[in-house]
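Here is the structure we will look at, set down as structure tokens.
The values are calculated or read from the model by the stated rules, or taken from the named source; none is laboratory data. All of these numbers come straight from a predicted model, not from anything done at the bench. Heads up, the Cβs are rebuilt from the backbone with ideal geometry, glycines too, and the neighbour counts pull from every protein chain shown.
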Ligand code: RTP
Ligand code: MG
């Protein structure tokens, strides 16, 4: 079933000029980039986006990291896009990520792990609406 998911290329990856290499991984897996923009997140935006994690011990560090440089926010579309994107991303901790995944190849640490991907179709809809107007998504 065609589906959409929200992806973020994180500051560790934009800093190392890896946007194109990461996008190639998405496209090679059959995901289509149907919206994309480069942003400098504000602290308020990062805290709102990661609101579900606000009780976690890593919340403050994560928000500081996410505003440490530009991000690229994207909508990926394809069959089972949420699960497919998480397969391409690999495990949160790059030490546990499978060969060929984005995090295995590019992540620096469990925090600076190069990409974010929505974890369910329901959250994808909320996260897409957080960054994009409907008119900015061209499927
Ligand atoms: P994401 O939301 O970024 O796609 O990653 P995820 O589902 O694999 O991981 P999640 O548990 O949702 O955590 C969100 C992000 O927080 C950072 N993190 N740091 N220091 C730590 O122990 C720790 N754990 C998680 C990572 O940047 C993770 O992607
Ligand atoms: Mg998550």
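Within 13 Å of ligand 2 (Cβ to nearest atom) and either part of a helix (DSSP H, G or I) or out of contact with any helix residue (DSSP H, G or I) (no Cβ under 8 Å at 6 or more places or on another chain) (or both) - does that describe any residue in segment 37-46?
No, there is no match, as no residue in segment 37-46 is within 13 Å of ligand 2 (Cβ to nearest atom) and either part of a helix (DSSP H, G or I) or out of contact with any helix residue (DSSP H, G or I) (no Cβ under 8 Å at 6 or more places or on another chain) (or both).
Of all the residues that make up segment 46-79, how many are more than 15 Å from the chain's Cα centre (by Cα) and surrounded by fewer than 18 Cβ atoms within 10 Å (Cβ to Cβ)?
Of the residues in segment 46-79, 15 are more than 15 Å from the chain's Cα centre (by Cα) and surrounded by fewer than 18 Cβ atoms within 10 Å (Cβ to Cβ).
Considering only residues of segment 90-126 that are within 18 Å of residue 35 (Cβ to Cβ) and buried (at least 16 other Cβ atoms within 10 Å of the Cβ), which is farthest from ligand 1 (Cβ to nearest atom)? So that I can check it myself, show each step before the final result.
To start, the set of residues in segment 90-126 that are within 18 Å of residue 35 (Cβ to Cβ) comprises 115-118, 121, 123-126.
Among the residues that remain, those that are also buried (at least 16 other Cβ atoms within 10 Å of the Cβ) are: 115-118, 124.
On the way: 115: 7, 116: 3, 117: 5, 118: 7, 124: 11 Å.
So, considering only residues that are within 18 Å of residue 35 (Cβ to Cβ) and buried (at least 16 other Cβ atoms within 10 Å of the Cβ), the one farthest from ligand 1 (Cβ to nearest atom) is 124.
Of 100, 78, 90, which residue is modelled with pLDDT of 95 or more and farther than 18 Å from residue 124 by Cα?
On the way: 78 fails: farther than 18 Å from residue 124 by Cα; 90 fails: farther than 18 Å from residue 124 by Cα.
After applying the criteria, what remains is 100.
Just a yes or no: is a residue in segment 127-135 surrounded by fewer than 19 Cβ atoms within 10 Å (Cβ to Cβ) and within 11 Å of ligand 1 (Cβ to nearest atom)?
no
Determine whether residue 107 is at negative phi and within 13 Å of the chain's Cα centre (by Cα). Show your work before the answer.
Details: at negative phi: yes; within 13 Å of the chain's Cα centre (by Cα): yes.
Against the criterion (at negative phi and within 13 Å of the chain's Cα centre (by Cα)), residue 107 qualifies.
Which helices (runs of 4 or more DSSP H) does segment 53-130 wholly contain that include 1 or more residues that are closer than 22 Å to residue 24 by Cα?
Values: elements: 59-66, 81-89, 102-106.
Here the list reads 81-89, 102-106.
Can you pull out the residues in segment 9-44 that are without any contact (Cβ under 8 Å) to a residue 60 or more places away in the chain and within 15 Å of ligand 1 (Cβ to nearest atom)?
14, 15, 31, 41
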